[in-house]
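The values are calculated or read from the model by the stated rules, or taken from the named source; none is laboratory data. These figures come from a predicted structure and were not determined experimentally. Here Cβ is always computed from backbone atoms with ideal geometry, including for glycine, and neighbour counts include all displayed protein chains. The protein model used for the area step is the full one, side chains on, heavy atoms only, and it has no ligands, DNA or RNA in it. Shrake-Rupley method; radii C 1.70, N 1.55, O 1.52, S 1.80 Å.
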Amino acid sequence: MASAPAVSARVGSARAGSSGPTVAELLDFVRRAAEDAALIASLPLDPEGRTWVRLDGPGGSEAWLIGWPPGAGTGWHDHADSVGAFTTASGTLKEHSLAVRLPTDGWKTLELNEGVDRSRELAAGQGRAFGQNHVHEVLNESDSVHAVSVHAYYPPLPRIRRFSRTGAVLRLEQTERPEDWQ
């Protein structure tokens, strides 16, 4: 994956105080950033892999502008103790998620009940917010069109847990810390 240099984006506003932004404020930030045509156009796109630029999120949050070439995806993961939001700025992304609260630690394999799978398409201008330990995967299923999205998390990501899935079995494969991806 190619990485772009960090840039600043001042979009939206944050609540004063040390409690950090709410998920509604994160969603407002990513929506406004996704409407910033100059910001979206500044992202270098790579036909082989995802690209990203770090943004200044509201209230000390971590924010990213991400480019998704056709066929790119994240794999199953969560953002552990962070809440978050993302909005598609161009193209269309698909999110598969699980409507289940996972244990935070101490497990390796979990059998999922029927009916926990959720799927949604997020076209340009559409986004969503989510709470802690939200397990999902995000994909650009297009054969030919790049997608671009804006993401924000609070607190800044302390870890990401990566999962594999075979049928109803979800397996914790790896826990990444910020030093693993920055």
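Remarks
- Every residue from region 100-123 that is assigned to a loop (DSSP other than H, G, I, E, B), under 22 Å from LEU27 (Cα atoms) and of a type in the set (Lys, Arg): ARG101
- Test for ASP117: is it free of Cβ contacts under 8 Å to residues at least 60 places away in the same chain and farther than 21 Å from ALA168 by Cβ: no
- Checked against (1) under 20 Å from TYR153 (Cβ atoms); (2) touching an Asp or Glu at 6+ places or on another chain (Cβ under 8 Å); (3) of a type in the set (Gly, Ala, Ser), GLY71 meets all criteria but (1).
- The lone criterion from (1) under 24 Å from LEU39 (Cβ atoms); (2) open to solvent by less than 50 Å² (accessible area, probe 1.4 Å) left unmet by GLY125 is number (2).
- Within region 123-166, considering residues that are modelled with pLDDT of 95 or more and out of contact with any strand residue (DSSP E or B) (no Cβ under 9 Å at 6 or more places or on another chain), the one nearest to TRP107 (Cα to Cα): THR166
- Test: residue in region 118-137 that is aliphatic (A, V, I, L, M) and under 12 Å from the mean Cα position of the chain (by Cα): yes
- Those residues of region 124-182 which are among the charged types (D, E, K, R), assigned to a loop (DSSP other than H, G, I, E, B) and farther than 19 Å from ILE66 by Cβ, in sequence order: ASP143, ARG177
- Residue satisfying all of: in region 80-97; farther than 19 Å from ARG31 by Cβ and at pLDDT below 95; least open to solvent (accessible area, probe 1.4 Å) among these: ALA80
- Checking the stated criteria, ASP105 turns out to be without any contact (Cβ under 8 Å) to a residue 40 or more places away in the chain and charged (D, E, K, R).
Table: residues versus (1) open to solvent by 50 Å² or more (accessible area, probe 1.4 Å); (2) outside any strand (DSSP E or B); (3) of a type in the set (D, E, K, R).
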| residue | (1), (2), (3) |
| --- | --- |
| PRO44 | yes, yes, no |
| GLY49 | no, yes, no |
| ARG54 | yes, no, yes |
| ALA63 | no, no, no |
| GLY67 | no, no, no |
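- Any chance VAL116 is of a type outside the set (Asp, Glu) and under 24 Å from THR22 (Cα atoms): no
- When residues of region 158-182 are limited to those that are open to solvent by 40 Å² or more (accessible area, probe 1.4 Å) and of a type in the set (Asp, Glu), the one farthest from SER61 (Cα to Cα): GLU173
- Where a residue in region 60-72 is polar (S, T, N, Q) and its partner, wherever it lies, is open to solvent by 20 Å² or more (accessible area, probe 1.4 Å), with Cβ under 9 Å and at least six apart: SER61/ALA14; SER61/GLU25; SER61/TYR154; SER61/PRO155; SER61/PRO156
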